[in-house]
């Protein structure tokens, strides 16, 4: 009997006991569906975060002044803030740098009328801040060079703050909010963050922006602890950020600086996602073991029920390996059908997760291959013993079985 005939016989045997076969496959269907859905969601999340990081801050890194700390809590370097001449020196020393945006801010009491009061951090912005921070506007405009140079009392704020302060359905453009007792006219609204990572990390940086020169004027700030730097196209921001740190530390010996880029955290993020995915998949994989035990049990029942058939086949010339192959293929077929159904059913949770996370998730080739591999492995492992038992039957004793 060739493999195709063996497969046909296996399908006939399963179809003859449809309900029993379906119930036997149930544990495997649940196990495979759960494992594949978890893996697909985990891998899809990793891809989505990587793509969002690239779009969020591609070619941008953060340069910070820090004293540095030893293991026993002692400062290892002197803290020296950035000044305007440092920005010019960095641009001169590193032609790879395209833009540098110093970060300043102040605490603000925001009021509208007599009923709404809100405390928040007000960020100072330059003409290039929107491009550097990947800020998208849903209404209005960003600050002009003239407004930034003069330090005009104009404001750009997030859509969520507009809704909270002014209410739903209100056009905020032209409306004045009071900030620390001074009127600021709203000229732009920041579009809501839609990406999963942006919502988690606040990728756009803040909810309220005013011209940077206004903050430096009213607070007296003439130095910065934090610079946002964009690298020109064609250069590696990871290399440039390391060089920028060395340049600052050589210019000012004994001081401490550090730089980071969002992609620096991808290794840790992927590791966490992989561990969580692995643990959840292992828990769901218990269903595979339960399903495998059920398959072994039903195959043992099948061998007992077909004892006379086995004896008859051996009597007319069937070899041990033919009997072994017949029952092994039957167990394998049962598992592969269950695995296939599990893959189809896994598309449901993946689709729901994709809508909830607003992330494109799908069952990729890796997940499907893994599902079929799991199913085949379960069929082989738990189908071997019943198949061997059937193959070793004595034909005479089998024919006498009632």
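Between the helical axis of 84-93 and the longest alpha-carbon principal axis of the chain there is an angle of about 60 degrees. Going from the fewest other Cβ atoms within 10 Å to the most, the residues 209, 257, 164 appear in the order 164, 257, 209. Short-range pairs are left out: with C-alpha atoms under 8 Å and at least six residues apart, the relative contact order of region 104-223 is 37 percent. Helix 3-16 and the longest principal axis of the C-alpha atoms of the chain enclose an angle of approximately 90°.
GNM remark for the chain: springs join alpha carbons under 10 Å apart, and the peak mean-square fluctuation among 59, 254, 33 falls on 254. When peptides 10-16, 103-109 are sorted by average Cβ neighbour count within 10 Å, with the highest value leading, the order is 103-109, 10-16.
Using the rule -39500 (n - 2.57) for each DSSP H run of four or more residues, divided by the residues of the chain, the 222 nm mean residue ellipticity is -19000 deg cm²/dmol. The antiparallel fraction among DSSP beta bridges confined to region 104-223 stands at about 70%. Which entry in [x] 26.7; [y] 23.6; [z] 31.2 is this structure's computed Kirkwood radius over Cα pairs in Å? The calculated read-out lines up with [x].
Taking every C-alpha pair closer than 8 Å and separated by at least 6 residues, the mean separation divided by the residue count of the chain gives a relative contact order of 30 percent. Among 303, 384, a tally of other beta-carbon atoms within 10 Å of each Cβ gives an order, fewest to most, of 384, 303. What shape does region 104-223 take by its C-alpha gyration tensor, where a ≥ b ≥ c are the square roots of the eigenvalues and a/c under 1.5 counts as rounded, a/b above b/c as prolate, and the rest as oblate? Rounded. Applying 1/(1 + (r/R0)^6) with R0 = 45 Å to the Cβ-Cβ distance of residue 300 and residue 264 gives a FRET efficiency near 0.20. Expressed as an acute angle from 0 to 90° and rounded to the nearest 10, what is the orientation of the C-alpha long axis of helix 266-305 relative to the principal long axis of the chain? Computed tilt is about 10 degrees.
Note on the chain: with a GNM built from Cα contacts shorter than 10 Å, the maximum mean-square fluctuation among 93, 354, 281 falls on 93. Sorted ascending by nearby beta carbons within 10 Å, beginning with the fewest, 314, 91 become 91, 314.
No lab work stands behind these numbers, since they all come straight from the coordinates. Nothing here was measured: the structure is a model prediction, and the numbers come from that model. For neighbour counting, all protein chains shown are included, and Cβ atoms are generated from backbone atoms with ideal geometry for every residue, glycine included.
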